[in-house]
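Since the structure comes first, as structure tokens, the remarks are kept for the end.
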């Protein structure tokens, strides 16, 4: 089986209402590209028809793979998809597609080179946010302040759900991932920093989704707890146990 140039991994938890629109946009985009690709949906913990809907859609697209991961957690779903992906470049894509799929080209050669990990940024120069309430923006900046202060100085938007990994980078750091929830991004970026990998922030256009599942207060508390967990893992050498 040949290796696709690009894998798009979509974690999906109770996404029946948004998945059709997202998949239509993604496949319309991919059909216009000259490179080979695959799309991987990882459904986990859903109580709606997300899994059935995705499986039915896959009947019409040979390069759509649907996985079911029983344990809940976005980080758990992303890890499963990334480790099963075969692409030279592996792209995490939120199911709400708050970043227009056309922006994906910014994360790939020939536009982007000399990187191991590229992260979508709503704060990098040239980025544009649309329709985001000020309270949500301020809450997000407060969370990022904590992340920069305690664990990842210099990265302005670690939580944006669009990230691209070279295959060899994904194979290494996702095997060392321990966090399975919302904070998995910062653990991956911490691992990348520890390994001195090349991280680039990519300015994107981003549209606020009023149905977002992010809760600023709850997730900030989780983030603080997980920051200390990452530090504890590092002190115990847990990130050094695997090649």
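The values are calculated or read from the model by the stated rules, or taken from the named source; none is laboratory data. This one's a predicted model, so the numbers in the text were calculated from it and none came from an experiment. Positions of Cβ are generated from backbone atoms using ideal geometry, with glycine treated the same way; all protein chains shown enter the neighbour counts.
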Original post:
Could we say that residue 84 is surrounded by fewer than 18 Cβ atoms within 10 Å (Cβ to Cβ), modelled with pLDDT of 95 or more and either in contact with a strand residue (DSSP E or B) (Cβ under 9 Å, 6 or more places away or on another chain) or more than 25 Å from residue 180 (Cβ to Cβ) (or both) here?
Top reply: yes
**OP:** Select from segment 103-128 the residues that are more than 16 Å from the chain's Cα centre (by Cα) and either over 12 Å from residue 169 (Cβ atoms) or exposed (fewer than 15 other Cβ atoms within 10 Å of the Cβ) (or both) and list them in ascending order.
**Re:** 109, 110, 111, 112, 113, 114, 123, 124, 125, 126, 127, 128
Original post:
Considering only residues of segment 105-119 that are touching a residue at least 24 places away in the same chain (Cβ under 8 Å) and part of a helix (DSSP H, G or I), which is farthest from residue 199 (Cα to Cα)?
Top reply: 106
Subject >> Selection from segment 133-153 of residues that are in a loop (DSSP other than H, G, I, E, B) and either touching a strand residue (DSSP E or B) at 6+ places or on another chain (Cβ under 9 Å) or under 16 Å from residue 207 (Cβ atoms) (or both) >> reply: 133
**OP:** Would you list the helices (runs of 4 or more DSSP H) that sit entirely within segment 6-88 and hold 3 or more residues that are within 20 Å of residue 185 (Cα to Cα)?
**Re:** 74-84
Subject >> Selection count, segment 25-42, where residues are under 11 Å from residue 95 (Cα atoms) and out of contact with any helix residue (DSSP H, G or I) (no Cβ under 7 Å at 6 or more places or on another chain) >> reply: 0
